[in-house]
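Undergrad: Pasting a structure below so you can have a look.
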Amino acid sequence: MKIIAPTPEHPLTTLEKIRNTRHYLLADSDWTTNNDSPLTNAKQEEWKTYRQLLRDLPANYTDEDSFSDVLWPEQPE
């Protein structure tokens, strides 16, 4: 995963912001996929679905969309 840093010459586009946030959320939930995760199988499936929704998210938006209008999937409890 590559995080893109903004510069004065290149402010982040909406898709770059979505991807950066998605990368962070995926990295933050990596522990849910480990073999030694304390989660039940049902909870691991919820996290698996959540992580797939994050991966698919950029396909639902373009740079013409506003980042504030992005509908993020809800993280399992």
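The values are calculated or read from the model by the stated rules, or taken from the named source; none is laboratory data. What you see is a predicted model; the values in this text were computed from it and never measured. All Cβ positions, glycine included, derive from the backbone under ideal geometry; neighbour counts span all protein chains shown. The accessibility values were calculated without ligands, DNA or RNA, using every heavy atom of the protein model including side chains. Shrake-Rupley method; radii C 1.70, N 1.55, O 1.52, S 1.80 Å.
Undergrad: What is the residue count in segment 1-33 for residues that are open to solvent by 50 Å² or more (accessible area, probe 1.4 Å) and either touching an Asp or Glu at 6+ places or on another chain (Cβ under 9 Å) or over 20 Å from Asp69 (Cα atoms) (or both)?
TA: 15
Undergrad: I would also like to ask the following. Which pairs turn up if I take residues in segment 49-77 that are farther than 20 Å from Met1 by Cβ and look for partners that are of a type in the set (Lys, Arg) and assigned to a helix (DSSP H, G or I) with beta carbon separation below 8 Å, at least 6 apart in sequence or on another chain?
TA: Close Cβ pairs satisfying both conditions: Pro76/Lys43.
Undergrad: Sticking with this one: If I go through segment 6-54 residue by residue, how many of them are in a loop (DSSP other than H, G, I, E, B) and touching a Pro at 6+ places or on another chain (Cβ under 7 Å)?
TA: Number of matching residues: 1.
Undergrad: Just to verify a result, which residue in segment 34-77, among those that are of a type in the set (A, V, I, L, M) and more than 16 Å from Glu16 (Cβ to Cβ), is most open to solvent (accessible area, probe 1.4 Å)?
TA: Restricting to residues being of a type in the set (A, V, I, L, M) and more than 16 Å from Glu16 (Cβ to Cβ), the top hit is Leu71.
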